[in-house]
Amino acid sequence: MRRRLVAGAIVLLGGGVPAAAHPAPFSYLDVRLRAGAVDVSVVIHAFDVAHELRVEHTLMKAYTATSKSVDSIVTGHSPVMTPNDLREFAEFNRDFLNTVREGKKNGRSAEDIAGAWTMPERYKGYAPPAADQLRANVENVYKELR
């Protein structure tokens, strides 16, 4: 009994770490009824869908499918976007993928690619990623490439 109490105290007092998760790690349909109107939103966690299905053009397909019928896009990972914001974000991700793909094709390591990567001029308004996050993103893409 005493061992259990000690183990419990260690976990509660010294072993805890903050937990974090995606704000919306799932897809859902949101229907809101108001007087004289029905608002419908479809939320698709695009990054997880793209990763699981290995579909590199998912974001651009989402833009194409929604650009004429959607006013705003709630991504869960950034501020609310317009369809044009989504298009630019899709292009950024495509360019990032192509940079890693080209580096791997030329025999460079993921570490080399991450160390040499700089924000393309076209996206200078984007916040630069932290070095560890950049390295993790390059490594993830690098592993997924065939």
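Things to note:
- The number of residues in region 102-119 that are crowded, with 17+ Cβ neighbours inside 10 Å and part of a helix (DSSP H, G or I) comes to 5.
- If you filter region 120-142 down to residues that are free of Cβ contacts under 8 Å to residues at least 12 places away in the same chain and either closer than 18 Å to His57 by Cα or of a type in the set (Asp, Glu) (or both), you find that the one that is surrounded by the most Cβ atoms within 10 Å (Cβ to Cβ) is Asn140.
- Residue among His22, His45, His77 that alone is within 27 Å of Pro120 (Cβ to Cβ), loosely packed, with under 14 Cβ neighbours inside 10 Å and modelled with pLDDT of 50 or more: His77
- Selection count where residues are touching a helix residue (DSSP H, G or I) at 6+ places or on another chain (Cβ under 7 Å) and assigned to a helix (DSSP H, G or I), scope region 60-93: 11
- The residues of region 120-146 that are modelled with pLDDT of 90 or more and assigned to a loop (DSSP other than H, G, I, E, B), listed by number, are Pro120, Ala130.
- Inter-residue pairs, beta-carbon under 9 Å, first at negative phi and aliphatic (A, V, I, L, M) and in region 59-81, second at pLDDT 80 or above and part of a loop (DSSP other than H, G, I, E, B), 6+ apart: Val70/Thr82; Ile73/Val80; Ile73/Thr82; Val74/Val80; Val80/Ser72; Met81/Ser72
The values are calculated or read from the model by the stated rules, or taken from the named source; none is laboratory data. None of the values given here were measured: they were computed from a predicted structure. Virtual Cβ from ideal backbone geometry, glycine too; neighbours counted across all protein chains shown.
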